[in-house]
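The structure under discussion appears below in the form of structure tokens.
The values are calculated or read from the model by the stated rules, or taken from the named source; none is laboratory data. Just so we're clear, the structure is a prediction, and the values are computed from it rather than from any experiment. Don't worry about glycine lacking a Cβ; one is built from the backbone with ideal geometry, like all the others, and counts go over all protein chains shown. Just so you know, the surface numbers come from the protein's heavy atoms only, side chains and all, with ligands and any DNA or RNA stripped out. Shrake-Rupley method; radii C 1.70, N 1.55, O 1.52, S 1.80 Å.
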Amino acid sequence: MSPQDPVEEVSRTDQEGGHTPGLDVRPTVGLGDDAGPATVLVVDDDPGMVDATAAFLEREADEIVTVTATSASDGLAILESRDVHCIVSDFDMPEMDGLSFLAAVRRRDDSLPFVLFTGKGSEEIASTAISEGVSDYLQKGGPDQFALLVTRVQTLVDKRQTEAALRLRVQAIEAAREGIAVLDDDGRYIYMNEAYAAMHGYDVPELIGETWEVLSTDEEVEVFSSEIMPQLAESGDWRGSVTGVRRDGSRFPKDLSMAHMAGGGHVCVISDMTDYVAVSEETVAERVLQAHEMGAMLAEGDAITGANNEFLTLVRHSRETLLSLPLSALGDELVALVDRARETGHTQDAPVTLQAESGTTTAVECRVEVVDPEKDIVAVLAYRA
């Protein structure tokens, strides 16, 4: 092996515990403080090269951990057994080359970052790799190429994690009970979730492109124009109670929060306040029960005194049936958790198995909170495990 061999060069600098003199390969793009370590799968049939590549990646990027394989088939087996955030693969390997490996990976995951890191580059290989969906293509070389590999890998992982975070946020917005909408500078809706449209009796496509005035009373259009919008422009946000108008012309009270966005326009968040206005004598415990998004139940002693629809779904009972049952009918595990909460006076969290209708069971994550110690009232919050 010559002194210029990339494996020897990288291994030598790694053993000496420092960078090659004059070469700063610390990536400038971070993975994010809360993203956790990214797992990179390195695949190469040359054991020296696979070890050197993995060592370089881990040394130059603190947020990267590696797992290695010396064949594509071993790499596919690793993908079956653990989460991987990026793949770095050689091209020229026996049995299954890098392009066949890439095709197999793409059949499983069409967005997993895949870098072809090869010593036998050609326009034909590069063209085929691009058509198969490769994320990046680099030729092996000295430390400079390894430094470039680190930067490319970290950039790809950052992009994937950012996209995943955005998807989660969009899913959260779409699933929210609150109505959420975005309006442009002209006051036209450019986005809204289903809850926002449904509160007003519409489907989302019917309101996109319309102005906010179609969902407001004539009186409030004037108030918005003369008072609220100027306040929003001055302070950047506004919150208050307004009256919404449904498709059928009926009106309902809603809580409205608005905030300017840096790129222009503003975001609106609304809640239908009809139930809160109509039910004035509801106890605090019952109000919390009905407002909760997960399954929620109230118990006083061994008597079940209330439950929301989400909890009824978990135990598959009608409300009438559930309220006729003792707490113990839902299982010993729940009773034990409730007893601990009452004895300690502290919230208790644990997975439990609820006894449901007709002898069936439901595994849930459960939280028990003491609502009123004097009356022995507890709230049981649960969601499907």
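Picking from residues in segment 159-206 that are within 16 Å of Ser111 (Cβ to Cβ) and in contact with a strand residue (DSSP E or B) (Cβ under 9 Å, 6 or more places away or on another chain), the one that is modelled with the lowest pLDDT is Gln161. Which numbered condition in (1) in contact with an Asp or Glu (Cβ under 7 Å, 6 or more places away or on another chain); (2) in a helix (DSSP H, G or I); (3) open to solvent by less than 10 Å² (accessible area, probe 1.4 Å) is the only one that Phe146 fails? It fails just one condition, (1).
Going by the conditions given, is Leu99 modelled with pLDDT under 95 and closer than 16 Å to Arg152 by Cα? Full working, then the answer.
Details: modelled with pLDDT under 95: yes; closer than 16 Å to Arg152 by Cα: no.
Against the criterion (modelled with pLDDT under 95 and closer than 16 Å to Arg152 by Cα), Leu99 does not qualify.
The number of residues in segment 237-249 that are in contact (Cβ under 8 Å) with a residue 40 or more places away in the chain and not in a strand (DSSP E or B) comes to 3. Scoring Ile125 on the criteria (1) at pLDDT below 85; (2) in a helix (DSSP H, G or I); (3) exposed (fewer than 15 other Cβ atoms within 10 Å of the Cβ); (4) not acidic (Asp, Glu) leaves a single failure, condition (3). Annotation note: Cβ proximity below 8 Å between a residue of segment 314-331 that is over 12 Å from Thr362 (Cα atoms) and a residue that is of a type in the set (Val, Ile, Thr) and crowded, with 19+ Cβ neighbours inside 10 Å (sequence gap 6+ or interchain) occurs for Leu322/Ile304; Leu322/Val315; Leu323/Ile304; Leu325/Ile304; Pro326/Ile304; Leu327/Ile304; Leu327/Val338.
Residue check: Ser328 meets all listed conditions (1) surrounded by 12 or more Cβ atoms within 10 Å (Cβ to Cβ); (2) over 11 Å from Ala299 (Cβ atoms); (3) among the polar types (S, T, N, Q) but one, namely (2).
The residue that is modelled with the lowest pLDDT, counting only those in segment 331-381 that are more than 18 Å from Thr305 (Cβ to Cβ), of a type in the set (A, V, I, L, M, F, W, C) and crowded, with 19+ Cβ neighbours inside 10 Å, is Val364. Looking only at segment 173-199, count how many residues are open to solvent by 40 Å² or more (accessible area, probe 1.4 Å) and under 22 Å from Gly263 (Cα atoms). The total comes to 8. Restricting the first member to segment 177-190 and to residues that are among the hydroxyl-bearing types (Ser, Thr, Tyr), and the second to residues that are part of a loop (DSSP other than H, G, I, E, B) and open to solvent by 50 Å² or more (accessible area, probe 1.4 Å), the beta-carbon pairs closer than 9 Å and six or more apart or on different chains are Tyr189/Ile208; Tyr189/Glu210.
Counting residues that are under 19 Å from Ile173 (Cα atoms) and within 31 Å of the chain's Cα centre (by Cα), which helices (runs of 4 or more DSSP H) fully inside segment 186-236 reach at least 1?
Answer list for segment 186-236: 194-199, 204-207.
Of the listed requirements (1) within 29 Å of the chain's Cα centre (by Cα); (2) crowded, with 22+ Cβ neighbours inside 10 Å, Glu132 misses just one: (2).
Filtering segment 217-245 to residues that are open to solvent by 60 Å² or more (accessible area, probe 1.4 Å) and in contact with a Phe, Trp or Tyr (Cβ under 9 Å, 6 or more places away or on another chain) leaves only Gln231. Residues that are in contact with a His (Cβ under 6 Å, 6 or more places away or on another chain), of a type in the set (A, V, I, L, M) and either surrounded by fewer than 12 Cβ atoms within 10 Å (Cβ to Cβ) or over 30 Å from Glu310 (Cβ atoms) (or both) are absent from segment 163-170.
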